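A.B. asks: Quick one: this structure, given as C-alpha cells, is what I'll be asking you about.
The values are calculated or read from the model by the stated rules, or taken from the named source; none is laboratory data. These numbers come from a predicted model, not from an experiment. Note that each Cβ is placed from the backbone with ideal geometry, even for glycine, and that neighbours are counted across all protein chains shown.
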Amino acid sequence: MSFKLYNYVLSGNCYKVRLFAGVLGINYDSIAVDFHPGQEHKSDDLMQLNPAGTLPIMIADDLVLTETSAMLIWMASKFDSDNTWWPATDAAKTAAIVQWLGFSSDLTSTIGEARLHTMLNRDVKIEKALADGIVALRRIEAQLTEQGLRGGAWLVGESPTIADIACFPYVALAPDAGLEHDDYPAIRNWLYAIRSLSGFVTMPGIHEVHELRNEGD
Amino acid sequence: MVTEPVGLSNNLPIKRVMPARVGDTDIAVWRSASGVVSAWLNRCPHRGMRLSHGFVRGESLACLYHGWQYGCDNKCKYIPAHPALEPPTTIQTMAYTVVEKHGVLWVSLDGTPEIPALFEKLQPVRSISFNCSNEDVLSALAETTLTCDDGQVLSASDMQSQNILILDNPQNKPKLAVLFQKSSAANVTAHLLADNSWSIDGLIRISRWCELVRRRAEIKIPDNRRNL
Ligand SMILES: N[C@@H](CCC(=O)N[C@@H](CS)C(=O)NCC(=O)O)C(=O)O
Ligand code: FES
C-alpha cells in the first residue's frame with residue numbers, strides 16, 4: 001500500500017486525499033475515524049499522532065503528515081510520473097499553486113465551518129462564516145472567469161493541478177452550508193470538469209456526472 | 001412582461017442544466033445532447049426537487065431525486081421505479097419560452113419573447129451577480145470608468161435603457177453591453193458582452209472592473225472616481 005489514511009467519510013479535507021488517490025489510480029489503507037459523534041480525532045492515540053487534533057492524518061513512508069497541502073504535494077511527487085499535477089520544476093506554476101493551496105484553508109475556515117454548523121450543529125459564528133464563504137466563492141469565480149477568458153478551465157495553467165483538488169471539496173459542498181452555486185457559472189463549469197476527470201470518486205453531497213455513464217444504468 | 005436575459009450561451013454547453021431566476025420564479029434551463037434549449041419551472045412535478053440539480057440524458061432531463069425523465073416536449077418519458085409504465089402525458093413540467101440570441105439566453109414567463117434590439121458580433125465576457133438593487137449597481141457604474149485597449153475611456157453616461165447599458169457609440173458599435181437580469185430588489189445579475197476590439201487582457205480588465213463595480217455597489221462607500 002502506498003500510504004495509510006486516518007479518514008472520515010463526511011470530511012472535505014479527507015476527501016481531498018481520497019479524490020486525488022482516485023484520480024492518480026493509487027490504493028491506500030483507510031482507517032475510519034469516528035469524528036462525529038465519537039470525537040475520536042481528539043482521542044489520546046490520535047492526538048499523539050497529530051497534536052492539532054484534525055483529520056486527515058497520513059502515514060506516508062516515514063512521514064506523518066497532518067496538512068492536506070503537504071499530502072497532495074507528496075502524492076503528486078511520488079505517483080504522478082508526468083509531473084502535471086505538481087509541476088515541480090516550473091517556478092511560476094508551483095508558486096501559483098501554493099497560493100491556491102493557502103486559499104483552500106480559507107475555504108475550510110469559512111464554508112467548512114458553516115457546514116459543520118448546518119450538518120453537525122457545531123457552535124460557529126454562522127453569519128460571518130457564510131459572508132466570508134461568499135467572498136471565497138467569488139474569488140474562485142473571478143479566477144476561473146479569467147482563466148476561461150484565457151482559454152483555460154483550471155485554476156492554474158492549462159491542465160488540472162493539486163490547486164483544483166485542494167479547492168474542489170468545499171466549493172462543491174457549499175450547498176450543504178446553504179450557499180448554492182446559482183450565482184457562479186464559472187464555478188459550475190469547473191465543478192463539472194472535475195467531476196468528469198477519470199478516476200473521480202464521490203462523497204456524500206458530491207455525486208458523479210451521470211450522463212457520462214451508459215444510457216439506462 | 002419583459003423578457004429577461006438569464007445567462008450567456010457559452011455557459012450552457014450541451015448536456016448541461018443551470019438554475020436561473022426570472023423575477024420571483026426559480027427556473028431550470030437545460031440544453032439537450034442535440035442542442036435543444038428548454039426553460040422550466042425549477043420544480044420536479046414528482047416531489048418538487050429542483051430540476052437544476054438533475055442531469056441531462058440525451059434528449060431528456062432526469063431529476064436527481066427519483067430519476068423521472070422529462071423530454072424536450074416537457075412531458076414525462078420515464079419513471080425508473082416503474083420501468084414498464086408509459087407515463088401519462090398529463091405529467092409534464094411547467095415550461096416557459098426561451099430564445100437564444102446574441103449569445104444570450106432569454107426567458108419570457110408569459111410566452112411573448114421581446115428581445116431588445118442588440119448588436120451582432122458581440123462576444124460573451126461573463127455573468128456576475130450582485131447582492132444589492134439595480135439602482136445601487138447603476139449608481140456604482142456611473143461612478144466608475146473603464147479603459148479600452150485603444151485608450152478610450154468608457155463611462156456609463158453613454159446610454160442607458162431599462163435593461164441594457166451600452167457603453168460607447170450606441171448607434172451602431174457598442175464596445176461593451178451590460179444586460180441586467182433583475183431577480184429581486186436585493187439581487188441583480190449582469191451579463192457582459194464586448195465587441196472584438198478587446199484583447200484577452202482587455203476582457204480580463206472588464207471582468208475586474210465589474211468586480212470593482214460590485215464592491216462599490218454593495219458597500220456604497222463614496223470614493224473618488226476610479227479607473228482600472
Ligand atoms: N490543516 C488541516 C485542516 C484539516 C481540518 O480542518 N480538518 C477538519 C475536518 S474536515 C478537522 O479535523 N477539524 C477538527 C474539528 O472540527 O474538530 C488540513 O488542511 O489538512
Ligand atoms: S422529485 Fe423528481 S423524480 Fe422524484
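A.B. asks: Can you tell me which residues in the range B:192-228 are under 13 Å from B:Val137 (Cα atoms) and either at pLDDT 90 or above or among the β-branched types (Val, Ile, Thr) (or both)?
C.D. replies: B:Trp209, B:Cys210, B:Glu211, B:Leu212, B:Val213, B:Arg214, B:Arg215, B:Arg216, B:Ala217, B:Glu218, B:Ile219, B:Ile221
A.B. asks: To continue, here is another question. Under the condition of being away from ligand 1 (no atom under 11 Å from the Cβ) and polar (S, T, N, Q), which residue from the range A:1-50 is farthest from the other protein chains (Cβ to nearest Cβ)?
C.D. replies: Looking at the filtered set, the residue picked out is A:Gln48.
A.B. asks: Let me ask something else. Please go through the range B:189-200 and give me each residue that is over 18 Å from A:Asp183 (Cβ atoms) and within 9 Å of chain A (Cβ to nearest Cβ), ordered by number.
C.D. replies: B:Ile200 - this is the single residue of the range B:189-200 that is over 18 Å from A:Asp183 (Cβ atoms) and within 9 Å of chain A (Cβ to nearest Cβ).
A.B. asks: Examine the range A:167-190 for a residue that is touching a residue at least 60 places away in the same chain (Cβ under 8 Å), within 14 Å of chain B (Cβ to nearest Cβ) and assigned to a helix (DSSP H, G or I), and state whether such a residue exists.
C.D. replies: The answer is yes; a qualifying residue exists.
A.B. asks: Then there's this: Restrict the check to the range A:106-122 and report whether at least one residue is on the phi > 0 side of the Ramachandran plot and either crowded, with 17+ Cβ neighbours inside 10 Å or assigned by TED's automatic domain parsing to the domain that holds A:Val171 (or both).
C.D. replies: So far as the range A:106-122 goes, yes, one or more of its residues are on the phi > 0 side of the Ramachandran plot and either crowded, with 17+ Cβ neighbours inside 10 Å or assigned by TED's automatic domain parsing to the domain that holds A:Val171 (or both).
A.B. asks: Here is a follow-up. Among the candidates B:Val125, B:Val107, single out the residue that is in a strand (DSSP E or B), modelled with pLDDT of 95 or more and more than 15 Å from B:Val213 (Cβ to Cβ).
C.D. replies: Answer to the check: B:Val107.
A.B. asks: Related question: Give, as residue ranges, the strands (runs of 3 or more DSSP E) completely inside the range B:1-82 that count at least 3 residues that are hydrophobic (A, V, I, L, M, F, W, C) and away from chain A (no Cβ under 14 Å).
C.D. replies: So the answer is B:37-41.
A.B. asks: Let me ask another. Find the residue count for the range A:51-76, including only residues that are within 8 Å of ligand 1 (Cβ to nearest atom) and part of a loop (DSSP other than H, G, I, E, B).
C.D. replies: Count: 7.
A.B. asks: Test A:Trp154 against the criterion of being under 19 Å from B:Arg208 (Cα atoms) and more than 14 Å from every other protein chain (Cβ to nearest Cβ), and give yes or no.
C.D. replies: Considered against the rule, which asks whether it is under 19 Å from B:Arg208 (Cα atoms) and more than 14 Å from every other protein chain (Cβ to nearest Cβ), A:Trp154 comes out as yes.
A.B. asks: In addition: Could you say which residue among A:Glu208, A:Glu113, A:Glu141 is within 14 Å of chain B (Cβ to nearest Cβ), charged (D, E, K, R), farther than 27 Å from B:Gln181 by Cβ and out of contact with any Leu (no Cβ under 6 Å at 6 or more places or on another chain)?
C.D. replies: Just a single option satisfies the conditions, and that option is A:Glu208.
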